[in-house]
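What follows is a single structure, written as structure tokens, with notes after it.
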Amino acid sequence: MNLKSKILICDPDSQSEAMLKTILESNGYEVESAYDGHDVIDKIKTLEYDLLLASSDMHAMDGFQVCRLLK
């Protein structure tokens, strides 16, 4: 059984997010996007991810705040 690693991306720059998603999926990763920091928290409550890529420039709750809450 070959399980893909799951990555959650949250970046307000849609071009950067799309580029990251394309690169990661082409390398065999399962990638999901989150709209903002609150969406990240909601998604992590329901699914398990191997990696979170969160921008430090998000609105309402930046990547650092998300990491502190998750810790």
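The values are calculated or read from the model by the stated rules, or taken from the named source; none is laboratory data. Here the structure is a predicted model, which means the values were calculated and not measured. Cβ placement follows ideal geometry from the backbone for every residue including glycine, while neighbour counts extend to all protein chains displayed. Ligands, DNA and RNA are stripped out before the accessible areas are found, and what is left, the full protein with its side chains, is counted by its heavy atoms. Shrake-Rupley method; radii C 1.70, N 1.55, O 1.52, S 1.80 Å.
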| field | Cα Rg, Dmax (largest Cα-Cα span) when computed across the chain, Å | value | 11.9, 40
| query | Any idea how far apart Ser5 and Asp39 come out in nm if each label point goes 7 Å out from Cα toward Cβ? | reply | 2.3
| said: Give me the dipole magnitude in Debye, nearest 20, for the chain about the Cα centre, with unit charges on the beta carbon: positive for Lys and Arg, negative for Asp and Glu. | reply: 280
| task | Taking amide H positions as placed in the peptide plane 1.01 Å from N, state which residues far from Ser5 in sequence (5 or more) or on other chains have amide H under 5 Å from it. | result | Glu30
| note | Residue-ordered couplings for the stretch 41-57, obtained by feeding phi - 60° into the Karplus form 6.51 cos²θ - 1.76 cosθ + 1.60 and rounding to whole Hz (Gly and Pro as x), are 4, 4, 5, 5, 5, 10, 10, 9, 10, 8, 8, 10, 10, 10, 6, 7, 10
| query | At a 1.4 Å probe radius, carbon and sulfur cover how many percent of the accessible area of the chain? | reply | 51
